[in-house]
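So the structure is just underneath, and the comments pick up after that.
The values are calculated or read from the model by the stated rules, or taken from the named source; none is laboratory data. Keep in mind it's a predicted model, so treat the numbers as computed, not measured. Every residue, glycine as well, gets a Cβ built from its backbone with ideal geometry; the counts of neighbours run over all protein chains shown. Side chains included, ligands, DNA and RNA excluded: accessible areas come from the protein's heavy atoms. Shrake-Rupley method; radii C 1.70, N 1.55, O 1.52, S 1.80 Å.
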Amino acid sequence: MRRRRSLAFTLAIRNLRRRPLRALLTASGVVLGVGMIVGVLSLSATLLSGFRELFDVAYGKTDLVISKSIPNGPPAPFDARLLGRVTRVPGVDAASTTGQLLGTAYLIDARGRLVTSPSGQLSVSGVEPGKGAAVGAYSIVAGRDIVGPDDFTVEEGWARDHGLKVGDAVTMALPAGRRTTRVTGVFRFARSVNFGDIGFVAEPLAAAQRDLGQPGQVSQIYVRALDRAQVSELQSRVQTALGPGLEVRTPSAEIANLSDQLQGLNVFLLFFAGVALFVGAFLIFNAFNVTVIQRTRELGMLRTLGATRAATIRLVLAEAVLLGIVGSAVGLLAGVGLAVGLIALMSSVFVGVPFGSLTIPAGALIYGTIVGTLVTAAAALWPAVRAGRTSPLQAMRQRAERIGGAPWRPAVAGLVVLAASIPGVGIFASGDHLSTGETVYGVAGIIGVFLGVALLAPILVRPLVRVLSVPLRVFGRTEGRLAADNAARAPGRTALTASAVMVGLALVITFSGFSASAVSAVRDSIDRSLASDFIVVPRNIFESQGFSPELARQIAALPDAGDVSAVRFGYATIDGKATELIGVDPASYGRISETRLDGDGTPDWSALAGPAAYVTHNYAADEGLGAGDTIAIATPSAGVDRLRVAGVVDDRVESQSGKGVFVSTARAERDAGLTQDLRVYVQARDPSSRQALRAEVERVLERFPSAKVLSNAELKDEIESAFSQVFSFLYALLGVAIFASAFGIVNTLAMSVLERRREIGMIRAVGGTRSQVRRMIRRESVLVTLVGVILGLVVGLVLAYAFVRSAASSFPGLRFVMPWQTIVIVVAGALVVAVLAAALPARRAARMNVITAVAYE
């Protein structure tokens, strides 16, 4: 048995060495797939490592961390007076327990210009004087720590990059306006944390509360225990003392919670790795299938010499395993490079995300190798079985070339797979809170749709090729007809290659269709819901930190200002759940908002001056609420605030999740500590004064550089740009799968040229020129690619439509929009890829020796 296996691997090595180019192209599929697995797992591990290092720095000597419970967001501020309640809990080390306020600022350079690049963004920490060293893992390397009311310290690396030292002045744009202060100390973290060039600065808590426009607020409370062996009991006592709305966790629990959140990101990113492997499997299956056909006589000779069916199967599988191992090994190296690229891309798209040093987990290397080898062997299994069924006498008589028919049995199987997969896609697209089983079924459903279409594709190849070849025949009738005949002669092989192209392009169309629909819905919502001329927003429009209410008051006092209304945003515990809370001015919001009641009518926003609230349609549907019902806002400092639901609104602008509660600004500040305005809507006194008003607002913003003014049209453009930036990260991931499909085209054409060597020789013998042969191969490549493009467009648009329809229930106003621009780019890009992929096979075909080719058997 051992000798048989050894012989199989010996022959496999010999066969792979005889065809190095084919082996390289076939292995490229597994290289890219394994590279994606390693890259994605390394990205996640590096991200988790960055957060761990950050938590080690922030919570170095802390036993418990108290923060406001909000879904997947930065710590939200809450009443600083709760610190006193915490220090009175038995077992708390009051002298070392401290509050901290976190916020963001922007650097203003020596010329007075705002530095908006990542290196100009500052993470501001407000700490109680004299208590920073009690919890934080840092050391002072120059000057002094925060001990007095005017102290200001900066992180060593950022200070070095900006040429700052103790005594130098730093000017910042803060929510409360522009402020200049002097550096009194430089600190060094106990561990290095890479936030993409973002700087860390610290100042006294009172100064931070003033600068960040959050008086009397803290973001977190760090608790030290008198007896570290009693932390668990202390945690229960502190939680009881604080009541609902705040979470008390150990630092290790914070890290574990973050790790759980990153699992969702892992599943999402591994889906793209699976897509790359899926495409690679098509490539491998196609390559081995054609290889078996081309080696029919060789396999027949082995059978004649006594090789059994099992030995023949082992031979083909041995080649696949060797390719899988080698491809996986190369994929591991490629994955490291891909991880570096993904980290750079993610840090540029999601500014402020911490990354530790590059971490390549051992599991990624092990899983990548195992999965890559298994996928290669699985893809080669059917060709191996087919090789084992080869009849010795029939094989000795056959030439390598075979003309394929349309396989109807796989088409029936494809219909079955599609029928089983569609429910999974529906579940996956239906909502946010999916269980692990539902997520797995949904991902399997999407892959099943691709597999089902791939199985159906062979019966579609010939009619599609017939239609698509019409324009190609206009410019060279002979080459176009030969290319069409070659593409249609083996529909199974053409379908596999086209299916590899289909998968990546379909996902691009799916994401693009959803993005275009979402942007269109946002644009329409702004037009329908806002009557303002301008809107003042944070520099980063998706940032949760706003600015001082003084800004709105100064804008309202401008000569050309008409109605001005500010909006606040945050979270509160409502009926036991963390819920979006939107604070609006009851007196002015109705004059700038055109939001309608659910059904018909206009909300009476002045009702919010009393104990009332409006709820969004989706929140009302989830909680079973209607006008006249009661909701309860629980806050640790104010107790329970019971409000009457004044009505249900069809909000399409303010609520970020579509599930929010509107209250008055005063109530939002009292119940949820919302002291910053996130948006200020501004209406001109009359239409003729709009330009003058904008100039006046921009002069006010010189004193508040952390904010900017946009027209409604500019706001829509900025939101679209933000969508495009996020989706560019997804398109980069899909690019790996598309790159793999390009190798599939090269491989298919290269093997097709070898298979049709005699045919090409005959064309040359009867007068065909080299340029005509090259054109024939290029047009065949274009036809195969266009078949994949057509399939990808159909599948992508259907999936996009399904996702949009499913999301419409939680995204008011969402309707499907055709992504015409992406479709044009996809078609044009696919044609370019087709021509480039055909370059090597076309050159090889054109340089073929005519006499040798004609004599080829």
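Computed from backbone phi, the HN-Hα couplings of the range 248-258 come to 10, 10, 7, x, 5, 5, 4, 5, 5, 5, 5 Hz, rounded to whole numbers (Karplus: 6.51 cos²θ - 1.76 cosθ + 1.60, θ = phi - 60°; Gly and Pro given as x).
Peptide packing: for 787-798, 89-100, the average count of neighbouring Cβ atoms within 10 Å per residue gives the ranking 787-798, 89-100, highest mean first. For the range 560-639, the dipole from Cβ point charges (+1 on Lys and Arg, -1 on Asp and Glu) about the Cα centre works out to 220 debye, to the nearest 20.
Counting 0.36 nm for each residue step from Val832 to Lys165 and taking away their Cα separation leaves a gain of 234.7 nm.
Here the simple spin-label model places points 7 Å from the Cα toward Cβ, and for Val794 and Glu233 these points are separated by 7.1 nm. For Lys68, the aspartates and glutamates whose Cα falls under 18 Å of its own Cα, not counting residues fewer than eight places away in the same chain, are Asp79, Glu247, Glu254, Glu543, Asp575, Glu580, Asp641, Glu669, Asp671. Counting charges near Pro118 (Lys, Arg +1; Asp, Glu -1) among other residues having Cβ under 12 Å from its Cβ returns a value of -2. Averaged per residue, the range 663-753 has 37 square angstrom of accessible surface, using a 1.4 angstrom probe with ligands and nucleic acids left out.
The lysines whose alpha-carbon is closer than 30 Å to the alpha-carbon of Lys716, local same-chain residues fewer than 8 away aside, are Lys659, Lys708. Heavy atoms of the protein chains alone define the surface here; on that basis the range 765-819 has 41 Å² accessible area per residue at 1.4 Å probe size.
Run the reach check for Lys61 against lysines, Cα to Cα strictly under 18 Å, same-chain hits fewer than 8 apart removed. What comes back? Once the sequence-local lysines are set aside, what remains near Lys61 is Lys131. Across the options Ala142, Thr97, Thr153, the greatest Cα extent toward the positive end of the charge dipole of the range 81-203 (unit charges at beta carbon of Lys, Arg, Asp, Glu) belongs to Thr97.
What full-extension length gain, to one decimal in nm, is calculated for Val467 and Ala413 as 0.36 nm per residue of separation minus the Cα-Cα distance?
Length gained between Val467 and Ala413: 16.8 nm.
Distance between the 7 Å Cα→Cβ label points at Arg81 and Val440: 5.1 nm.
Each residue of the range 479-490 is assigned a 3J(HN,Hα), and the resulting list reads 4, x, 5, 5, 4, 5, 4, 5, 5, 8, 5, 10 Hz, derived from the Karplus form 6.51 cos²θ - 1.76 cosθ + 1.60 (θ = phi - 60°), x at Gly and Pro. Applying 0.36 nm per residue to the separation of Glu543 and Asp686 and subtracting their alpha-carbon distance, the gain on full extension is 48.4 nm. Taking label points 7 Å from Cα along the Cα-to-Cβ direction, Ala420 and Thr304 give a separation of 4.2 nm.
Shape analysis of the range 473-617 based on the Cα gyration tensor places the equivalent ellipsoid semi-axes at 55, 20, 16 Å, largest first. Separation of the range 242-283 from the range 602-664 is 32 Å, based on Cα centroids.
Listed peptides 500-507, 309-316, 481-488 appear in the order 500-507, 481-488, 309-316 once ranked by packing, highest mean of other Cβ atoms within 10 Å at the front.
Taking amide hydrogens as placed 1.01 Å from N in the peptide plane, the amide H of Ser706 sits under 5 Å from those of Leu174, each at least 5 positions away in sequence or on another chain.
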